[in-house]
Amino acid sequence: AQSVTQLGSHVSVSEGALVLLRCNYSSSVPPYLFWYVQYPNQGLQLLLKYTSAATLVKGINGFEAEFKKSETSFHLTKPSAHMSDAAEYFCAVSTIIQGAQKLVFGQGTRLTINP
Amino acid sequence: GAVVSQHPSRVICKSGTSVKIECRSLDFQATTMFWYRQFPKQSLMLMATSNEGSKATYEQGVEKDKFLINHASLTLSTLTVTSAHPEDSSFYICSASLGWDNEKLFFGSGTQLSVL
């Protein structure tokens, strides 16, 4: 079964610093991978997705993620953190169960930005 | 992007009562809606998949008589937690799909259920 593991339930960085949120996946087939962001009191919003095209995927708000098959990783990065990036981030893998495409989520990482 | 409205955002109820949560796609028709449950500091766990006009498909370990799902129209799905108990206290999130591609999957803002 496909799964994802997010390393670190809470990450704290200073404004302007590099953001790195870690995600490792487990999949027996080429995976479709996603990063979602959840701001307080809002629904999940798609940041970016990997679907076996380019290994470096660019998303919204300056985020990007690189698919590394050798490391089974799909880490999310942003060169310079902004206060508005404070949120909960979820990595997810798409899997097909009984003919239906479904998402399996990681535990989430809460990103805090220090002024 | 498309908007999914989930209501209520927070509900407190007594043990033994039933609670209904609504999930509406406001500006699109959703053939499929999903219900998730999230415990503190844990990931979203898929509970069930509902398709308009048919019975919901429940994930293993989810009691279908406990969590009643109705998807009567292309814009509305409801989750009813029947005879709620404190262990049912959790954060429930719905999502609605525009199509097969998960890029067209839109989430509600969630419902925090507290059972006393």
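Being of a type in the set (A, V, I, L, M) and more than 22 Å from A:ALA1 (Cα to Cα) narrows it down to one residue among B:ALA48, B:ALA96; which is it? Lay out the reasoning, then the answer.
Values: B:ALA48 fails: more than 22 Å from A:ALA1 (Cα to Cα).
Result: B:ALA96 is the single residue among B:ALA48, B:ALA96 that is of a type in the set (A, V, I, L, M) and more than 22 Å from A:ALA1 (Cα to Cα).
Scan the range A:1-10 residue by residue and report those that are assigned to a strand (DSSP E or B) and open to solvent by 50 Å² or more (accessible area, probe 1.4 Å).
A:THR5, A:LEU7, A:HIS10
Scan the range B:22-44 for residues that are modelled with pLDDT of 90 or more, within 14 Å of the chain's Cα centre (by Cα) and not polar (S, T, N, Q) and jot them down.
B:GLU22, B:CYS23, B:ARG24, B:MET33, B:PHE34, B:TRP35, B:TYR36, B:ARG37 - these are the residues of the range B:22-44 that are modelled with pLDDT of 90 or more, within 14 Å of the chain's Cα centre (by Cα) and not polar (S, T, N, Q).
Does any residue of the range B:50-69 turn out to be aliphatic (A, V, I, L, M) and either farther than 25 Å from A:VAL104 by Cβ or within 11 Å of another protein chain (Cβ to nearest Cβ) (or both)?
No; the residues of the range B:50-69 include none that is aliphatic (A, V, I, L, M) and either farther than 25 Å from A:VAL104 by Cβ or within 11 Å of another protein chain (Cβ to nearest Cβ) (or both).
Which numbered condition in (1) within 12 Å of chain A (Cβ to nearest Cβ); (2) free of Cβ contacts under 8 Å to residues at least 24 places away in the same chain is the only one that B:SER95 fails?
Of (1) within 12 Å of chain A (Cβ to nearest Cβ); (2) free of Cβ contacts under 8 Å to residues at least 24 places away in the same chain, only one is false for B:SER95: (2).
Under the condition of being within 14 Å of the chain's Cα centre (by Cα) and without any contact (Cβ under 8 Å) to a residue 60 or more places away in the chain, which residue from the range B:73-88 is surrounded by the most Cβ atoms within 10 Å (Cβ to Cβ)? Before you say what the answer is, go through the steps one by one.
From the range B:73-88, those within 14 Å of the chain's Cα centre (by Cα) are B:75-82, B:88; that's our starting set.
From what's left, without any contact (Cβ under 8 Å) to a residue 60 or more places away in the chain: B:75-79, B:88.
Working: B:THR75: 19, B:LEU76: 17, B:SER77: 31, B:THR78: 18, B:LEU79: 25, B:ASP88: 19.
My answer is B:SER77.
Just give me the residues in the range A:96-115 being open to solvent by less than 30 Å² (accessible area, probe 1.4 Å) and either under 16 Å from the mean Cα position of the chain (by Cα) or modelled with pLDDT of 95 or more (or both), in sequence order.
Once the filter is applied, which keeps residues that are open to solvent by less than 30 Å² (accessible area, probe 1.4 Å) and either under 16 Å from the mean Cα position of the chain (by Cα) or modelled with pLDDT of 95 or more (or both), the range A:96-115 yields A:LEU103, A:PHE105, A:GLY106, A:GLY108, A:THR109, A:LEU111, A:ILE113.
Condition first: among the aromatic types (Phe, Trp, Tyr), surrounded by 11 or more Cβ atoms within 10 Å (Cβ to Cβ) and touching a residue at least 24 places away in the same chain (Cβ under 8 Å). Can you find one or more residues in the range B:54-64 that meet it?
no
Quick check on my filter: what residues within the range A:49-83 are at pLDDT below 95, hydroxyl-bearing (Ser, Thr, Tyr), at negative phi and open to solvent by less than 80 Å² (accessible area, probe 1.4 Å)?
Across the range A:49-83, the qualifying residues are A:TYR50, A:THR51, A:THR55.
Which of the following residues is away from every other protein chain (no Cβ under 14 Å) and of a type outside the set (Asp, Glu): A:GLY62, A:GLY108, A:GLY8? Walk me through it before giving the result.
Details: A:GLY108 fails: away from every other protein chain (no Cβ under 14 Å); A:GLY8 fails: away from every other protein chain (no Cβ under 14 Å).
That would be A:GLY62, the only listed residue that is away from every other protein chain (no Cβ under 14 Å) and of a type outside the set (Asp, Glu).
When the residues of the range A:35-59 are narrowed to those that are within 14 Å of chain B (Cβ to nearest Cβ) and hydrophobic (A, V, I, L, M, F, W, C), which ends up farthest from A:ALA17 (Cα to Cα)?
Going through the qualifying residues, I end up with A:ALA53.
Kindly establish whether B:SER25 is more than 30 Å from A:HIS10 (Cα to Cα), within 12 Å of chain A (Cβ to nearest Cβ) and buried (at least 16 other Cβ atoms within 10 Å of the Cβ).
yes
A:MET83 passes all but one of (1) closer than 29 Å to B:GLN112 by Cα; (2) touching a residue at least 12 places away in the same chain (Cβ under 8 Å); (3) within 14 Å of chain B (Cβ to nearest Cβ); which number fails?
(3)
The values are calculated or read from the model by the stated rules, or taken from the named source; none is laboratory data. Note that the structure is a prediction, hence the values are computed from the model and not measured. No Cβ is skipped: glycine too gets one built from the backbone with ideal geometry, and neighbour counts run over all protein chains shown. The accessibility values were calculated without ligands, DNA or RNA, using every heavy atom of the protein model including side chains. Shrake-Rupley method; radii C 1.70, N 1.55, O 1.52, S 1.80 Å.
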